[in-house]
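First the structure, in the form of structure tokens, and then the observations on it.
The values are calculated or read from the model by the stated rules, or taken from the named source; none is laboratory data. Because the structure is predicted, anything quoted here is derived from the model rather than measured. When we count neighbours, we look across all protein chains shown, and the Cβ atoms used for this are built from the backbone with ideal geometry, even at glycine. Only protein heavy atoms, including side chains, enter the accessible area calculation; ligands, DNA and RNA are left aside. Shrake-Rupley method; radii C 1.70, N 1.55, O 1.52, S 1.80 Å.
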Amino acid sequence: MKNYKNLLTVFFITCINSIAEAQLPSGVENDFEARFNHIKINLTSIPLNNYSIQYERVLNKKSSIGFSFRFMPESKLPFRKLIRDAVADQDPELQRTVEQLRISNFAFTPEYRFYIGKGFGRGFYIAPFYRFAHFKSNNILITYTADILGNEETINLSGDLTANTGGILFGAQWALSENISLDWMIAGPHFGGGNGDFEGVSSRPLSSNEQQRVKQELESLDIPFTKKSISVNSQGANMKLDGPWGGIRTGILLGIRF
């Protein structure tokens, strides 16, 4: 975690110095190019209940810096039916978890763009970036056998997961008019690490046998490449996760140039 914080600090210092030293970009031919600020909204994330806004500052013909903020209010999983059919078709318990799970998240992403095309915020670009993301989830249902008769009960886990990743974004941006821009983030794979802390409180004291069954259920969860630390007592259960994290940035953003 310290390495990620140091990397982010260096990134910000570099960006601040670049802004402080930047003069009027050389090679600007007319007022059409002399619009160095872009405020953009990601149109493709809205149907997924994700709201993302980006500010981009053009430094010169070949480079710019950008800062994105993404927010998802607490809601059910998007595309629940597709997820259920893909990963939980034969598991009723997992189906129920997918249906009832509620999540929220936010992410902050600074980036530095290198323009290969026309420049001044137009054309094809390559952008190394860092992303900090925080996820919150509720209604993770853990079902266990409560007694020798086979009666089942559940513990509801909730918690947070924080991820730090870095990657490279490939995309292209066009000026649709003097004031409007269109940014196509083609693909931005990113990789790093994440850690989470999830806790569930039982509605009644758990016996020693029940504690053992709850622990077995948590240990049986298949989370590839992730280290789990599980503790269970009479009040409930706690599960800590530590492992790799990644994703892909993509989208179509409509912006205002000024």
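Note on ILE248 and TYR51: their simple-model spin labels are 2.7 nm apart, each label 7 Å out from Cα toward Cβ.
Available extension along the chain between ILE180 and THR143 is 8.1 nm, counting 0.36 nm per residue and deducting the alpha carbon span. Surface calculation, 1.4 Å probe, protein heavy atoms: ILE248 sits at approximately 120 Å² accessible.
When every alpha-carbon pair in segment 91-240 is counted, what percent end up more than 24 Å apart? Taking all Cα-Cα pairs of segment 91-240, the fraction more than 24 Å apart is 51 percent. TYR51 sits with roughly 110 Å² accessible to a 1.4 Å probe, with DNA, RNA and ligands left out of the calculation. A dipole drawn for segment 214-258 from +1 and -1 charges on Cβ atoms has a positive end, and of GLY243, LEU253, VAL232 the residue lying farthest that way is LEU253. The dipole here belongs to segment 95-232: it is taken about the Cα centre, uses +1 on the Cβ of Lys and Arg and -1 on the Cβ of Asp and Glu, and is about 520 debye. Taking amide H as placed 1.01 Å from N in the peptide plane, LYS62 has its amide H under 5 Å from the amide H of PHE120, each at least 5 places away in sequence or on another chain. At the residue level, LYS118 shows approximately 140 square angstrom of accessible surface with a 1.4 angstrom probe and all protein chains present.
Rolling a 1.4 Å probe over the heavy atoms of the protein chains gives segment 109-154 an accessible area of 43 Å² per residue. Pairs spanning more than 31 Å between alpha-carbon atoms, out of LYS62/LYS136; LYS76/LYS118; LYS40/LYS227; LYS40/LYS62; LYS40/LYS136: LYS62/LYS136; LYS76/LYS118; LYS40/LYS227. The translational diffusion coefficient of segment 129-212, from Stokes-Einstein at 25 °C and 0.890 mPa s with a Kirkwood hydrodynamic radius over alpha carbon pairs, comes to 143 µm²/s. When the solvent-accessible area of segment 95-160 is split by element, carbon and sulfur atoms take up 58 percent of it, the probe being 1.4 Å. Could you compute the FRET efficiency for GLN216 and PHE71, with r as their C-beta to C-beta distance and R0 at 30 Å, rounded to 0.05? So, using R0 = 30 Å, E works out to roughly 0.20.
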